[in-house]
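Reading through the structure tokens given below for one structure.
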Amino acid sequence: MFEPLVPLPLGGTIEKPVALIAVCSTILTVALLATTAYQQLVADFETVLTQRQQLETETYARRVNQRLQVRLSALGALASQMTDGKQLLPIDTLEKLLDRQTVLKDYFDLGLMVFDKNAVAIAEDRYVENRLGTSYADRPHFKAALKDEIPYISRPIVGRTTDTLLISFLYPIHSNEGELLGFAGGIIDLNHTQLLPEPGDLLEHAVFQVTLPGSIRFPTTT
């Protein structure tokens, strides 16, 4: 006679795979959550870093803008002293006036100048060879200033007679009747200036663009 078959216990063969699947599922879930949390942390960090860079850039831009405004306002005050109400003062008087501007000489380290209504240099506070008598009417910022008769600041340019990277400030000189008589000019050497933040203070690879409000504009170079 045949003995009845005794069923084998199944608990051991089923519970182990189920437990293994549960453990793997838990590990996978934890890993997925950790990855998601890490990615979110990185994204949050990048957002905070970007906001910080934007804030620092805006701070630098405001600082530069304030320094530009101070210099242009000072140049405007000087321009108002260069006319008797009808015409420009005599050249020797203009030169003496320029020579007395100790504060403005600190603001404009490449010099103070006076231009006639045709953008020809007629007076300077320090001698630069061939600068007097030179016409700057073809320069973009002079073209714009001659057209609009308002203060202008050039983009960084190479000086025609100084061969130096510089920024040129122009402030129109008007008669009492509003006739354009010439321009007061100030020049800043970009290689030796406190106008911009120190290089060590700048963010790596940062590029700053300063836009001035009101009537002060950067003309295009086309």
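Rule-based calculations on the coordinates, nothing more; no lab input. Predicted model, so just to flag it, every value in this text is computed and none were measured. We place every Cβ from the backbone using ideal geometry, glycine too, and count neighbours over all the protein chains shown.
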field: Two-site label geometry, Q39 and E177: point separation in nm, points 7 Å out along Cα→Cβ
entry: 7.5 nm
message: Could you list H141, H192 so that the one with the fewest beta carbons within 10 Å of its beta carbon is first and the one with the most is last?
response: H192, H141
query: When you take every Cα atom in region 32-78, what is the radius of gyration, and what is Dmax, the widest Cα pair distance, in Å?
result: 20.3, 69
- line: Here FRET efficiency (C-beta to C-beta, D92 to D138, R₀ 35 Å, nearest 0.05) is 0.80
task: List, in the order given, every pair from K96/K143; K96/K147; K86/K147 whose Cα-Cα distance in the structure shown is over 24 Å.
output: K96/K143; K96/K147
query: In region 53-201, how does Rg compare with the Kirkwood Rh, expressed as the Rg/Rh ratio over alpha carbon atoms?
result: 0.98
